[in-house]
Amino acid sequence: MQLDWDKTINEILAEKLACQACGALGDQMVVGYTREPSAAEFAARCRDCTDKSDCDARKLVVVCEPCARVHRVNGELMDETGMMTMMLEECRRNLEDSIDYLSTYWKEETDVSYDDMQKGLHEVDPELFREEDAWRLKLEEEYLQLHRWFREHGIPIPDPGWRSEYVEEVIGLGYTTLLGD
């Protein structure tokens, strides 16, 4: 009898979650947030950060219960669908924050004259606009990957109307989006 080891391993690991901190596998993991600097070493959104030594940013993590205690994770035990829903919601929040920044928040954080406040960021500081817009596009690509996961698994998209509202806001501001037209 010949075994297809790749198929067998994939079947065993299907729907298993891996702890981002220690690599332990399980059917459920604690999915939640922490501000512990130690979590910057494994949190997905912190991968590209250069200085992780004293990071107190709020991080979404997926960890086993022992690691949740160590890293003080405020979360809940979830299966794969719960985790993907949390990741989708986090991505949506980040996209909303990004578009809010591009539309208005930048005016509060940069030294812009009162007369320039009616202009767009792309007119006042094209370099900063390119950086922020690149971040938004990266988030949109992540959103599309998460969206595809739900489709591939036959699971309804949580709050499906969110996407069209986001697209309308982005287009209304005069920007392009990967999420539709």
Is there any pair with a first residue in the range 14-36 that is more than 18 Å from Glu89 (Cβ to Cβ) and touching a residue at least 40 places away in the same chain (Cβ under 8 Å) and a second that is open to solvent by less than 80 Å² (accessible area, probe 1.4 Å) and among the aromatic types (Phe, Trp, Tyr) whose Cβ atoms are under 7 Å apart and which are 6 or more apart or on different chains, and what are they? Ala21/Phe42
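Does Thr81 satisfy being among the hydroxyl-bearing types (Ser, Thr, Tyr), under 18 Å from the mean Cα position of the chain (by Cα) and surrounded by fewer than 17 Cβ atoms within 10 Å (Cβ to Cβ)?
Numbers: among the hydroxyl-bearing types (Ser, Thr, Tyr): yes; under 18 Å from the mean Cα position of the chain (by Cα): yes; surrounded by fewer than 17 Cβ atoms within 10 Å (Cβ to Cβ): yes.
Answer is yes for this residue.
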Would it be correct to say that Glu65 is out of contact with any Gly (no Cβ under 6 Å at 6 or more places or on another chain), crowded, with 18+ Cβ neighbours inside 10 Å, free of Cβ contacts under 8 Å to residues at least 60 places away in the same chain and among the acidic types (Asp, Glu)? no
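Report those helices (runs of 4 or more DSSP H) wholly inside the range 19-125 carrying at least 3 residues which are at pLDDT 90 or above. Lay out the reasoning, then the answer.
Values: elements: 65-70, 80-100, 106-109, 121-124.
Counting at least 3 such residues, we get 65-70, 80-100.
Mind listing whichever residues of the range 89-109 are open to solvent by 60 Å² or more (accessible area, probe 1.4 Å) and either within 12 Å of the chain's Cα centre (by Cα) or within 16 Å of Arg45 (Cα to Cα) (or both)?
Just the residues of the range 89-109 that are open to solvent by 60 Å² or more (accessible area, probe 1.4 Å), to begin with: 89, 93, 96-97, 104-105, 108-109.
Passing the criteria: Glu89, Arg93, Glu96, Asp97.
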Go through the range 100-139 and report how many residues are closer than 20 Å to Tyr166 by Cβ and touching a Ser or Thr at 6+ places or on another chain (Cβ under 9 Å). 8
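Can you tell me which residue is farthest from Glu108 (Cα to Cα) among those in the range 169-181 that are open to solvent by 50 Å² or more (accessible area, probe 1.4 Å) and more than 18 Å from the chain's Cα centre (by Cα)?
Start the filter on the range 169-181 by keeping residues that are open to solvent by 50 Å² or more (accessible area, probe 1.4 Å), which leaves 169, 171-174, 176, 178, 181.
With the extra rule that they be more than 18 Å from the chain's Cα centre (by Cα), the set shrinks to 169, 171-174, 176, 181.
On the way: Glu169: 20, Ile171: 23, Gly172: 21, Leu173: 18, Gly174: 21, Thr176: 24, Asp181: 30 Å.
Going through the qualifying residues, I end up with Asp181.
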Give me the residue from the range 110-154 that is open to solvent by less than 40 Å² (accessible area, probe 1.4 Å) and in contact (Cβ under 8 Å) with a residue 60 or more places away in the chain and, out of that set, nearest to Glu89 (Cα to Cα). Leu146
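Which members of the range 158-168 meet the condition of being under 29 Å from Cys46 (Cβ atoms) and either free of Cβ contacts under 8 Å to residues at least 24 places away in the same chain or open to solvent by 80 Å² or more (accessible area, probe 1.4 Å) (or both)? Full working, then the answer.
Of all residues in the range 158-168, those under 29 Å from Cys46 (Cβ atoms) come to 158-159, 162-163, 165-167.
Scanning the range 158-168 gives Asp159, Arg163, Glu165, Val167.
The values are calculated or read from the model by the stated rules, or taken from the named source; none is laboratory data. The model shown is predicted, which means the values in this text are computed figures rather than measured ones. In this analysis, Cβ positions are derived from the backbone assuming ideal geometry, glycine residues included, and neighbour counts consider all displayed protein chains. Note: areas computed on protein heavy atoms with side chains; ligands, DNA, RNA excluded. Shrake-Rupley method; radii C 1.70, N 1.55, O 1.52, S 1.80 Å.
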